[in-house]
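A quick write-up on the structure given underneath.
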Amino acid sequence: MDTFRRSLRHKKRHRLRNVFRKISSFMYKVRRLFKALYKLAYRFVKTHLLISAGAFVVFIGIIVGMVFLFGGTANTGANVDEDTLNGLTGEGLTDDEYYTSDDVLDQNVIGVIMEEMTSDKAKIIIQGLEELSNEAIGAGQITSVRFYDASQDKNQQMQYLRSMINSGVKVVILYMSDEETFKTMASLAKDSDIYVVSIDAPVKSGYDVNIVSDLGNYGKQSAQVIISNAQSGNMLPIVENDISEIGQKRLNNILNLSTSSERIKLPQVSTTANNAASDFNSALTSAEGEQPKTAEIIISGISISKQVLNAAINANKLPRVFVGGASAGFIKLWYTLKTSGVSVTTMDETTQQNVTITLTQGADNLIFAEIAPQASGDAALRFALRFAQGKILKADVLEDNTYYLNEFTLIDDNTLSTYYEMVKDKDDSYMLTNSVDDGTVDSFFEDAPEASAQQSMDPSLMQD
């Protein structure tokens, strides 16, 4: 059956492409006719003004007639590439990406269009979307979730949306930063009766629900931890060269609160690329006058926490307080350091020879990991699932139809084991994030009127 349907789709596409090719060939001939008429009109202008004026009127009449005759397809000339033609009709995608209307009949399909998929933020969004979509598909809540990477191409975003409209998706999740593109796509989706769930929308309208990571408190808890645990000391933030927006806001909040206490000193801020170890030793010690002062408090960038902690271990210079992001790699390294220790090669000061020691987290070394409220992909899909199931968002339940993620969790020595069990089998790049639970999302929705009526009439749902 699948083979037959694929074959049928192929034949439909082939016929459609042939139609476009014939139109393109015809329009090419028409264009050559226009050129000939133009040259003729130009010659008439030089000799007979009145005659040329009449020819011009005829020329305009021909153009208008062609536009009406072909319904505005005059711009699909031979110079238009096939991908563009395919995109306008929803064609040109692979079988794994493209569905005909018959394929999704009576099925719940959610589409996701992202302007890019390579940034740290985009990767966390995708992580949440993939995890929850696998659960929802396994539970039979939806048929599939389709991801589309537009790679910053606005035209490609529109082509993907048109394909989704043709394929009958019920909900589309949009992640994009350009205002005009977002407005156009949201309007087109709404005109096609498709629900729009956005992630950090660039405008405050056009969507059914918008998901925003509230970073107001992110970093403030870290600063409180530093002030209460470190009491005083020389603080050194080590962050990414291409630090993300969420990382920068976290850092700003930490610095503003921590340095408001005169006991916390900030001699410098170091930046490092992907390999923190190569830069760590020079960043670890900062000169104050003639006496270098070792960093006692280290704040690590979210995505490089494992590298920075590993560099501190290899340098045998664990600080009194270390605050990092909650990546799987960082948590696993921290757990090993705390439980069994990490082998380190260091210089014996007496013999001046390299020796191997086992470094463990001491009682005076405090390490923390922050779980940030950045699971916007997970939250967006939770709302999208309700729309796909026919549920209706309650009126005025969300201001500006926007839900703010704001939960913050700090992992310490007491909770490390619990979170280690969660991530021990994950890739090191996997990031723990805070989202919203199903009960909270359900509280924002009500069943569709027709669904409620059917349930009330269903004898199986009535109690004796």
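For residue 179, work out the one condition from (1) modelled with pLDDT of 90 or more; (2) in contact with a strand residue (DSSP E or B) (Cβ under 7 Å, 6 or more places away or on another chain) it doesn't fulfil.
(2)
Yes/no matrix, rows are residues, columns are (1) among the hydrophobic types (A, V, I, L, M, F, W, C); (2) more than 21 Å from residue 385 (Cβ to Cβ); (3) not in a loop (DSSP other than H, G, I, E, B):
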| residue | (1), (2), (3) |
| --- | --- |
| 111 | no, no, yes |
| 125 | yes, no, yes |
| 134 | no, no, yes |
| 142 | yes, no, no |
| 148 | no, no, yes |
| 152 | no, yes, no |
| 155 | no, yes, yes |
| 158 | yes, yes, yes |
| 163 | no, yes, yes |
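May I ask you to list the residues in the range 233-263 that are exposed (fewer than 14 other Cβ atoms within 10 Å of the Cβ) and outside any helix (DSSP H, G or I)?
241, 242, 260, 262, 263, listed by residue number.
Conditions first: (1) crowded, with 17+ Cβ neighbours inside 10 Å; (2) at positive phi; (3) not hydrophobic (A, V, I, L, M, F, W, C). Residue 329 passes all but one, so which condition is the exception?
(2)
Here is a list: 290, 349, 399. Which entry is loosely packed, with under 14 Cβ neighbours inside 10 Å, at pLDDT 90 or above and either among the acidic types (Asp, Glu) or touching a His at 6+ places or on another chain (Cβ under 6 Å) (or both)?
The match here is 399.
Tell me which residues, restricted to the range 173-205, are in a helix (DSSP H, G or I) and touching a helix residue (DSSP H, G or I) at 6+ places or on another chain (Cβ under 8 Å).
Matches in the range 173-205: 181, 184, 185, 188, 189.
Can residue 136 be described as within 16 Å of residue 171 (Cα to Cα), small (Gly, Ala, Ser), at pLDDT 80 or above and touching a strand residue (DSSP E or B) at 6+ places or on another chain (Cβ under 9 Å)?
yes
Kindly list, by first and then second residue, each pair from a residue in the range 303-316 that is in contact (Cβ under 8 Å) with a residue 60 or more places away in the chain and under 14 Å from residue 428 (Cα atoms) to a residue that is surrounded by fewer than 24 Cβ atoms within 10 Å (Cβ to Cβ) and of a type in the set (Asp, Glu), limited to pairs with Cβ atoms under 7 Å and residues at least 6 apart or on different chains.
As it stands, the answer is 303/120; 303/240; 304/240; 306/428, since those pairs meet every condition given.
How many residues are farther than 14 Å from residue 125 by Cα, of a type outside the set (Val, Ile, Thr) and modelled with pLDDT of 95 or more when one looks only at the range 196-209?
Adding up the residues that qualify gives 2.
Test residue 159 against the stated conditions and say whether it is buried (at least 16 other Cβ atoms within 10 Å of the Cβ), among the polar types (S, T, N, Q), under 26 Å from residue 433 (Cβ atoms) and at pLDDT 85 or above.
no
Could you check residue 437 against (1) free of Cβ contacts under 8 Å to residues at least 60 places away in the same chain; (2) in contact with a Lys or Arg (Cβ under 9 Å, 6 or more places away or on another chain); (3) surrounded by 12 or more Cβ atoms within 10 Å (Cβ to Cβ) and say which number it fails?
With respect to (1) free of Cβ contacts under 8 Å to residues at least 60 places away in the same chain; (2) in contact with a Lys or Arg (Cβ under 9 Å, 6 or more places away or on another chain); (3) surrounded by 12 or more Cβ atoms within 10 Å (Cβ to Cβ), residue 437 is out only on (3).
Can you tell me how many residues within the range 354-400 are in a strand (DSSP E or B) and either among the acidic types (Asp, Glu) or more than 21 Å from residue 129 (Cβ to Cβ) (or both)?
Looking only at that region, the number is 12.
Restricting the search to the range 160-179, which residues are farther than 21 Å from residue 128 by Cα and over 19 Å from the mean Cα position of the chain (by Cα)?
Hits for the range 160-179 are 162, 163, 165, 166, 167, 168.
Name the residues in the range 401-435 that are among the polar types (S, T, N, Q), assigned to a helix (DSSP H, G or I) and in contact with a Phe, Trp or Tyr (Cβ under 9 Å, 6 or more places away or on another chain), would you?
Correct list: 401, 417.
Kindly list the number of the only condition in (1) modelled with pLDDT of 90 or more; (2) not in a helix (DSSP H, G or I); (3) not small (Gly, Ala, Ser) that fails for residue 464.
For residue 464, the exception is condition (1).
The values are calculated or read from the model by the stated rules, or taken from the named source; none is laboratory data. Please read these numbers as outputs of a predicted model, since none were measured by experiment. Cβ sites come from the backbone with ideal geometry, for glycine too, and all protein chains shown count toward neighbours.
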